[in-house]
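To start, the structure itself, in structure tokens.
Since every read-out is calculated from the coordinates, none of them should be taken as a lab result. Only a predicted model underlies this, so the values are computations on that prediction, with no experimental measurement involved. Positions of Cβ are generated from backbone atoms using ideal geometry, with glycine treated the same way; all protein chains shown enter the neighbour counts.
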Amino acid sequence: MAENFRLDPAALEEATRRLGSLGDRITTAYHELAGVLDEHDGCWGEDDIGKAFAQNYVPNAKQVREGAEQAGPGVIELRNDIDDASKTFQSVDEDEARRIDASTGQNS
């Protein structure tokens, strides 16, 4: 276990802001891609070759799209969780500093 742990709240806040922005961009990109894919859905046709292609492609494409749809919101949720953890860490740190100050007769 580490003997020391340091956190730069301002730097972490900036990093999580960028992470949230990334999540927004991923979500936007997914919706744009999904729109294009929807426009071309079924372009492989209904002949035997098209049906064979669809049989192999459609289930996998659906699974990939479901996962990709969650990527942006997942990154945004991660950002929120990191922000919450940072606030908790800062609060605990400030509380402990006050306790130490009180036990040594110092005011913070």
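Treating r as the C-beta distance of residue 104 and residue 6 and R0 as 35 Å, the FRET efficiency rounds to 0.95.
Dividing the radius of gyration of the alpha carbons in the chain by their Kirkwood radius gives 1.35 for Rg/Rh.
Note on residue 52/residue 15: beta-carbon distance plugged into 1/(1 + (r/R0)^6) with R0 of 41 Å gives a FRET efficiency of 0.30. Springs join every pair of Cα atoms under 10 Å in this Gaussian network model of the chain, and among 70, 90, 55 the largest mean-square fluctuation is at 55.
For the chain, the longest principal axis of the C-alpha atoms and the axis of helix 48-104 are separated by about 10°.
Multiplying the residue separation of residue 85 and residue 61 by 0.36 nm and removing their Cα-Cα distance gives an extension gain of 5.1 nm. Taking the longest Cα principal axis of the chain as reference, the axis of helix 9-39 is set at about 10 degrees. Of 76, 26, 49, the residue with the greatest mean-square motion in the GNM of the chain, using alpha carbon springs below 10 Å, is 49.
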